[in-house]
Amino acid sequence: MSLDKVLSKIDADLPDATERLLELLRIPSISTDPAFADHCQTAADWLVADLQSLGVPATKRQTPGHPMVVGHVEGEGPHILFYGHYDVQPVDPLDLWHNDPFDPQIEDTAKGKVIRGRGSSDDKGQLMTFVEACRAWKEVNGTLPCRITFFFEGEEESGSPSLVPFMHENANELRADIALICDTGLFESKTPAIVTMLRGLLGEEFTITGPTLDLHSGMYGGIAMNPIRVISNVIASLHDENGRVTIPNFYDGVQDLSDELEAQWQGLAFDHATFLGDVGLSKPAGEQDRTPLEMIWSRPTCEVNGIWGGYTGDGFKTVLPSKANAKISFRLVGDQDPDAIRANFRQMVQDQLPEDCSVEFHGHSSGRASVNETIAPAFEQARAALTTEWGVQAAYVGCGGSIPIAGHFQNILGTTPMLVGFGKDDDAIHSPNEKYDVSSFHHGIRSWARILDALT
């Protein structure tokens, strides 16, 4: 059977595959810092050359920002698009790294060997799992199993400003039967998972102004309205005593879990006490009639990310401030409409303003939630392949964060996204000393080979 030969080839070539990943990790492709723009070009060039070494006609496509890498392989059967990003987060604070973040090393740890370096897990290591699976498949079989499009981005860590225009301009070229995204992880670092729910995101910043200048609290305290008092009342009113968000019509578009998915999540036996205990907490604070996994995967949130006003320096200053400020973020699920929530939130704030106060709003980015139906046969085929590789029943899971590319594949291309990743909870992505387990890299490559076999 050719799959067995492909898997054996992956096992034999793991040292070479790891060395190729280390080579890519040495390129400091930090997308958000203009000082590293040339390095982003270098990383794109590296990927083009690597794909071409597999016989994939690949090109670097310039954008107003960092380039895209696109490659196409013709073939029979389904058209699969694979997405990953080659850009990485900044490395600050540098003094917390044990070694140079762009001099990646293989380290022995108590839990096994790891690849240490910026981008090892997010997302170069994950991206290369698919490339290496294709490399082994091609070397064993002479061709790849189906029509494949490789689509690598260089701005994911800086908001993807060029992505949507590029996808619109090249929609016919990029449209596929299914889009595979490798930018997620294992559930609790051990269970292979396909992410089927991603929460959307809405950001709001607002400033409440009372007096025209900061006031002496002895002369004006009591008679003058304090904006911090007003903003505190607003923030306190956003949730009821059971953790439910009180903004009018906030839950419009929120759907309950299916019985099947709820049972599957219950079977994961999520240990919320340990999850919270690791950060010094103990009690779930969300909607009290929901399970902990529902709270972080399938329920919307309203969170205060920052609040400030008045004097916050050393010592004490008896000031009644002119302004008070807050930043609020909403994680959205289902069919929630971010524009409607923004409007309802603003109206709720304005309705609570005293006569002598005014409010100014500054809206930040917004995006809808992404929900993938799993009725397509490809989902169960991939889940079975992951189960076989990892020896643990793979699960459909949610993700508390937001990965906008999944929604873009749905909305712009009409392509169903499937999110499969092999990162672990302790990979320290976006943090100093980021790592990717060698076992994650190895099993990740084997997983994609199995999924390609299952889908074709």
Any idea which of Leu257, Leu215, Leu238 is modelled with pLDDT under 95, in the same structural domain as Asp356 (by TED's automatic domain parsing) and either in contact with a strand residue (DSSP E or B) (Cβ under 9 Å, 6 or more places away or on another chain) or not small (Gly, Ala, Ser) (or both)?
-> Leu257
Could you look through the range 99-122, keep only residues that are of a type in the set (Asp, Glu) and part of a loop (DSSP other than H, G, I, E, B), and pick out the one that is surrounded by the most Cβ atoms within 10 Å (Cβ to Cβ)?
-> Asp122
Scanning the range 188-217 for residues that are out of contact with any Gly (no Cβ under 9 Å at 6 or more places or on another chain), of a type outside the set (Ser, Thr, Tyr) and over 30 Å from Lys327 (Cβ atoms), the one surrounded by the fewest Cβ atoms within 10 Å (Cβ to Cβ) turns out to be Lys190
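I need the full set of residues from the range 298-314 which are of a type outside the set (Gly, Ala, Ser) and either assigned by TED's automatic domain parsing to the domain that holds Gly400 or part of a loop (DSSP other than H, G, I, E, B) (or both), in order please. Let's see the steps before the verdict.
Pass one, the range 298-314, residues of a type outside the set (Gly, Ala, Ser): 299-305, 307-308, 311-312, 314.
Listed by number, the residues that qualify are Arg299, Pro300, Tyr311, Thr312, Asp314.
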Examine the range 41-60 for a residue that is acidic (Asp, Glu), under 24 Å from Arg147 (Cβ atoms) and either buried (at least 20 other Cβ atoms within 10 Å of the Cβ) or in contact (Cβ under 8 Å) with a residue 12 or more places away in the chain (or both), and state whether such a residue exists.
-> yes
Could you say whether any residue in the range 127-142 is among the polar types (S, T, N, Q) and crowded, with 24+ Cβ neighbours inside 10 Å?
-> yes
Before we move on, is Lys60 under 24 Å from Phe166 (Cβ atoms) and of a type in the set (Lys, Arg)?
-> yes
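Which one of Asp13, Asp33 is at pLDDT 95 or above, within 23 Å of the chain's Cα centre (by Cα) and surrounded by fewer than 21 Cβ atoms within 10 Å (Cβ to Cβ)?
Numbers: Asp13 fails: within 23 Å of the chain's Cα centre (by Cα).
Result of the check over Asp13, Asp33: Asp33.
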Count - residues of the range 319-369 that are farther than 21 Å from Ser298 by Cβ, surrounded by 18 or more Cβ atoms within 10 Å (Cβ to Cβ) and either modelled with pLDDT under 95 or in contact with a His (Cβ under 8 Å, 6 or more places away or on another chain) (or both) = 1
Conditions (1) surrounded by fewer than 18 Cβ atoms within 10 Å (Cβ to Cβ); (2) part of a loop (DSSP other than H, G, I, E, B); number of the one not met by Gln266 = (2)
Which condition number in (1) surrounded by 15 or more Cβ atoms within 10 Å (Cβ to Cβ); (2) assigned to a helix (DSSP H, G or I); (3) without any contact (Cβ under 8 Å) to a residue 24 or more places away in the chain is the one that Leu24 fails?
-> (3)
Checking Asp271 against (1) under 30 Å from Arg450 (Cβ atoms); (2) at pLDDT below 95; (3) in contact with a strand residue (DSSP E or B) (Cβ under 8 Å, 6 or more places away or on another chain); (4) not polar (S, T, N, Q), the condition it does not meet = (3)
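The values are calculated or read from the model by the stated rules, or taken from the named source; none is laboratory data. Just so it is clear, the model here is predicted, and its values are computed rather than measured. Note: ideal-geometry Cβ built from the backbone for every residue, glycine included; neighbour counts use all protein chains shown.
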